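Structure first, then comments.
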Amino acid sequence: MIMIINCNENDYQYHFVAYYATKKCIGGQVICVYVWLYIKMTKNKTSILLSDVSIEGDLIEKDKIIFDAKIRGDIKADEIETHSNSNVLGNIKSKNASLGGKMRGNVDSDQINIKKTADVDGVLNQKTLSIEEGAVLKIKTETYK
């Protein structure tokens, strides 16, 4: 039997329920599955915003954010990944940026990857830049060391 538990690290009530549900499922033996899942989740924190989400205002994430949403405001995260339905009107600041949707604004990132589904209009400031064939671009790019 495989049991997958997905919970927010700050939701302590859910932690309690998940732990005892796991314990009950395996007949009273305590196995470190829950602890392993908890450690795995807290190491690789990723926020995901789907296409039915619309945000007006700045967005700040400590680790990684993946979105296919409409965002009107600046975005700051360690790693940012946008998909084909995303629509960003604002600036992006990150270590790694992978752009796959509509982007109107400036991008300041160590590494920028522009996917073939991207439509980018703005100034790119980066250490490294990669562009897939098929991307629509109206950009000015500046490389720094």
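In this structure, is SER130 within 18 Å of ASP63 (Cβ to Cβ), modelled with pLDDT of 95 or more, of a type in the set (Ser, Thr, Tyr) and in the same structural domain as GLU61 (by TED's automatic domain parsing)? Judged against the criteria, SER130 is not a match. The residue pairs whose first member lies in region 103-125 and is in the same structural domain as ASP68 (by TED's automatic domain parsing), whose second member is among the aromatic types (Phe, Trp, Tyr) and surrounded by fewer than 17 Cβ atoms within 10 Å (Cβ to Cβ), and whose beta carbons are closer than 8 Å, counting only pairs six or more residues apart or on different chains, are ASN125/TYR144.
In region 39-63, the residues that are within 19 Å of GLY73 (Cβ to Cβ) form Cβ pairs under 6 Å with partners that are modelled with pLDDT of 85 or more and of a type in the set (A, V, I, L, M, F, W, C), at six or more places apart or across chains, as follows: SER47/ILE65; ILE48/ILE66; LEU49/PHE67; LEU49/ALA69; VAL53/ALA69; ILE55/ILE71; LEU59/ILE75; GLU61/ALA77. If you go through region 49-98 and keep only what is at positive phi and crowded, with 17+ Cβ neighbours inside 10 Å, you end up with just GLY90. Counted as qualifying within region 34-145 are the strands (runs of 3 or more DSSP E) with 3 or more residues that are in contact with a Lys or Arg (Cβ under 8 Å, 6 or more places away or on another chain), namely 54-56, 79-82, 87-89, 92-99, 107-114, 119-131.
Can you tell me how many residues in region 49-66 are under 11 Å from the mean Cα position of the chain (by Cα), modelled with pLDDT under 90 and among the hydrophobic types (A, V, I, L, M, F, W, C)? Number of matching residues: 2. Taking the criterion of being within 11 Å of the chain's Cα centre (by Cα) and over 17 Å from GLY122 (Cβ atoms), the residues of region 70-91 that qualify are ALA77, ASP78, GLU79, GLU81, HIS83.
The values are calculated or read from the model by the stated rules, or taken from the named source; none is laboratory data. This structure is a prediction, so every number in the text was calculated from the model and none was measured. Cβ atoms come from the backbone with ideal geometry, glycine included; neighbour counts cover every protein chain shown.
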